[in-house]
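Here's the structure, in structure tokens; my notes come after.
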Amino acid sequence: MKYLRFIIIFIVFVGMIIYLKKTGKEEYTEKNKVLENNVNFSGQVIDIKQSNNHAFGIISLQITQSSVKEFNDKLKNGIYPYRIQGNIAELYTIIPDGIQEGDIVDLKSKEKNSHFYYVKTKQKSEGYIWVITEPLDIAFVKKNTIFK
């Protein structure tokens, strides 16, 4: 009888975790559907700005290839993980370790990923893109973007 209370509390706790995980995944998937817009671009890194919020930052690119000339769409809740004006793009994401000016970035929005090619070491890595909803990250982008 004494342990029954703890068992019931444990079961309720596990049930809450499962419910929250499922709900969070559905919300994440729904928010990121806007990235299925066929925006693809490649470019050479010209600047990197990293925030104090883990490794989040802005990677500025000189575009070499793009499916769109301009991309400056707005969202009601959050911001797109990229912006394009003319031949310059900004990518808002986790800054990969070791990336430098001159390296190559290839982004495919529909696949929700970006590929990094390190020119000096000839290595490749992959990153992921998502709708930016973290208030600290949004504030960092607004303060440090080259697009005013």
For a Förster distance of 25 Å, can you work out the FRET efficiency between the beta-carbons of GLU36 and THR121, rounded to the nearest 0.05? 0.15
If unit charges are put on Cβ atoms (+1 for Lys and Arg, -1 for Asp and Glu) and the dipole of the stretch 37-144 is taken about its Cα centre, the option from PRO96, SER60, ILE138 lying farthest towards the positive end turns out to be ILE138
Additional length obtainable on full extension of the chain from ASP97 to LEU136, 0.36 nm per residue less Cα span: 12.0 nm
Helix-only estimate, please: 222 nm mean residue ellipticity of the chain, summing -39500 (n - 2.57) across DSSP H runs of length 4 or more and dividing by its residues, to the nearest 500. -9500 deg cm²/dmol
Cα long-axis angle, helix 2-31 against the chain (0 to 90 degrees, to the nearest 10): 30
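Just so you know, all these numbers are worked out from the coordinates, no wet-lab data involved. Quick caveat, the model's predicted, so the values are computed rather than measured. All Cβ positions, even for glycine, are placed from backbone atoms using ideal geometry, and neighbour counts span all protein chains on display.
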